[in-house]
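Structure first, commentary second.
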Ligand code: ATP
């Protein structure tokens, strides 16, 4: 198994940097996802690894060797795309066998390996059918079988589930993850769907405008977003402005004024001025009646019952609206619209950025 290193890789289209200074490592056997909005450069980065594009700056290492000028067909890569790219007139078996024939693998070996791959994607019973009369999910399984049958050193997937309906996407993504673990194959997966990325990945690189914003496990990306872009793109955040003052060098503490209330926080670095909080709806809560310290006052504007959760939109003193989500254990205990409440912001479970939203202060 081999790792991949991007060493300051930049890819231009004209003067635009579609990928801007990608510099990170993907471990052997890892399920690594490139996640970001449309146009952020994920496909371009994937295509440089595949060898479809040549980056203008930097090197790509694969298993310790620089592969900048190695042509695609010599990179030993399996690929799965959004549009399946399978041959409609060939049978399922012939589609999966195609790459092995091209590599002059002996016939009995082809038979064995194709059947193994079809078993992994649960398609053995359809081996003699043609893809044109099969469902999108089945066609994507053929594409997956065709990618893994060559036993690639690396599996690249670009939005492989985008053409499937929501239910099938969920089923296919767990199948892909299971298969990837079974084979232990290093996988790079491109998606714009944050839920999909959180569900399948060992680590995620969040990209925006050609730049990698953060690389971390799904849990850490969600809990500790590195900047405002990530906090906004992954999950739901309430953003609240505050004012940070009276930083004390000895203790690293400062007072942060938030919605009319002062909080003492220990900062990562010296800072005074405007700040921005990103609060996850399920990590803040409505305070109980006798709990007044560490809370901010507000009024419930709306109550939405979501089944297992209830969402309260609370207008805080100063006018900021935030979404507070709680478990709806006893629906008859729900708070009412226009009820005055205190909100415990649970600042120990939140992230505070500087005014620009680019740096984590707390
Ligand atoms: P999507 O999810 O929409 O595919 P993406 O994150 O994969 O988006 P890329 O396709 O990598 O983004 O595109 C990154 C940037 O590079 C975009 O601004 C895009 O317009 C530009 N770009 C991509 N391919 C080309 C090309 N062949 N020629 C010129 N510009 C391109």
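The values are calculated or read from the model by the stated rules, or taken from the named source; none is laboratory data. Bear in mind that the values here come from a model prediction, so they are computed numbers and not experimental data. Please note: Cβ atoms are built from the backbone with ideal geometry, for glycine as well, and neighbour counts cover all protein chains shown.
When you scan region 188-248 for helices (runs of 4 or more DSSP H) that lie fully inside it, which ones turn up with 2 or more residues that are touching a strand residue (DSSP E or B) at 6+ places or on another chain (Cβ under 7 Å) and within 16 Å of the ligand (Cβ to nearest atom)? Step through it out loud before you land on a result.
Numbers: elements: 194-200, 218-223, 228-233.
Helices (runs of 4 or more DSSP H) meeting the threshold: 194-200, 228-233.
Would you confirm, using the coordinates I've provided, whether residue 111 is over 25 Å from residue 30 (Cβ atoms) and assigned by TED's automatic domain parsing to the domain that holds residue 187?
Numbers: over 25 Å from residue 30 (Cβ atoms): yes; assigned by TED's automatic domain parsing to the domain that holds residue 187: yes.
Spelling it out, residue 111 is indeed over 25 Å from residue 30 (Cβ atoms) and assigned by TED's automatic domain parsing to the domain that holds residue 187.
I'd like to check something: does region 302-317 contain any residue that is free of Cβ contacts under 8 Å to residues at least 24 places away in the same chain and part of a helix (DSSP H, G or I)? Before the answer, list the steps.
Narrowing region 302-317 to residues free of Cβ contacts under 8 Å to residues at least 24 places away in the same chain: 304, 306-308, 313, 315.
Right, trim to part of a helix (DSSP H, G or I) and you get none.
Checking region 302-317: not a single residue is free of Cβ contacts under 8 Å to residues at least 24 places away in the same chain and part of a helix (DSSP H, G or I).
Taking region 110-134 as the region of interest, how many residues are farther than 25 Å from residue 174 by Cβ and either in contact with a helix residue (DSSP H, G or I) (Cβ under 6 Å, 6 or more places away or on another chain) or surrounded by 15 or more Cβ atoms within 10 Å (Cβ to Cβ) (or both)?
2
Identify the residue in region 8-42 that is buried (at least 20 other Cβ atoms within 10 Å of the Cβ) and within 7 Å of the ligand (Cβ to nearest atom) and, among all such residues, is nearest to the chain's Cα centre (by Cα).
36
Residues being surrounded by 13 or more Cβ atoms within 10 Å (Cβ to Cβ), at pLDDT below 95 and assigned to a helix (DSSP H, G or I): count how many of those fall in region 97-109. Working first, answer last.
At the first step, the residues of region 97-109 found to be surrounded by 13 or more Cβ atoms within 10 Å (Cβ to Cβ) are 97-100, 105.
Filter once more, keeping what is at pLDDT below 95: 98-100, 105.
From what's left, assigned to a helix (DSSP H, G or I): 98-100.
Here the count works out to 3.
Whether any residue in region 52-71 is surrounded by 15 or more Cβ atoms within 10 Å (Cβ to Cβ), within 12 Å of the ligand (Cβ to nearest atom), over 30 Å from residue 125 (Cβ atoms) and at pLDDT 95 or above is what I want to check.
yes
Under 12 Å from the mean Cα position of the chain (by Cα) and farther than 26 Å from residue 12 by Cα: which single residue out of 247, 271, 189, 222 fits that description? Even if it seems obvious, please write down each step before you answer.
Numbers: 247 fails: under 12 Å from the mean Cα position of the chain (by Cα); 271 fails: under 12 Å from the mean Cα position of the chain (by Cα); 189 fails: farther than 26 Å from residue 12 by Cα.
Testing whether each residue is under 12 Å from the mean Cα position of the chain (by Cα) and farther than 26 Å from residue 12 by Cα leaves just 222.
Taking residue 289, is it exposed (fewer than 11 other Cβ atoms within 10 Å of the Cβ) and within 18 Å of residue 236 (Cα to Cα)?
Working: exposed (fewer than 11 other Cβ atoms within 10 Å of the Cβ): yes; within 18 Å of residue 236 (Cα to Cα): no.
No; evaluated as a whole, the condition is false for this residue.
Mind checking which residues of region 127-183 are assigned to a helix (DSSP H, G or I) and within 24 Å of residue 74 (Cβ to Cβ)? Working first, answer last.
Our first condition is that a residue be assigned to a helix (DSSP H, G or I); within region 127-183, this holds for 131-133, 136-148, 166-183.
Passing the criteria: 143, 144, 145, 146, 147, 148, 180, 183.
Looking only at residues that are within 16 Å of the ligand (Cβ to nearest atom) and over 17 Å from residue 31 (Cα atoms) in region 148-168, which one is nearest to the chain's Cα centre (by Cα)?
Within region 148-168, the subset within 16 Å of the ligand (Cβ to nearest atom) is 156-163.
Checking the rest, the ones that are also over 17 Å from residue 31 (Cα atoms) come to 162-163.
On the way: 162: 15, 163: 18 Å.
Applying the filter and picking the extreme gives 162.
Picking from 201, 237, 259, which residue would you name as being buried (at least 19 other Cβ atoms within 10 Å of the Cβ), touching a residue at least 24 places away in the same chain (Cβ under 8 Å) and more than 24 Å from the chain's Cα centre (by Cα)? Walk me through how you get there before you give the answer.
Numbers: 201 fails: more than 24 Å from the chain's Cα centre (by Cα); 237 fails: more than 24 Å from the chain's Cα centre (by Cα).
Checking each option against the conditions leaves just 259.
What single numbered condition from (1) under 28 Å from the mean Cα position of the chain (by Cα); (2) part of a loop (DSSP other than H, G, I, E, B) fails to hold for residue 325?
Residue 325 satisfies every listed condition except (2).
Looking at the structure I just gave you, is residue 231 farther than 24 Å from residue 273 by Cα and surrounded by 15 or more Cβ atoms within 10 Å (Cβ to Cβ)? Lay out the reasoning, then the answer.
Details: farther than 24 Å from residue 273 by Cα: no; surrounded by 15 or more Cβ atoms within 10 Å (Cβ to Cβ): yes.
Judged against the criteria, residue 231 is not a match.
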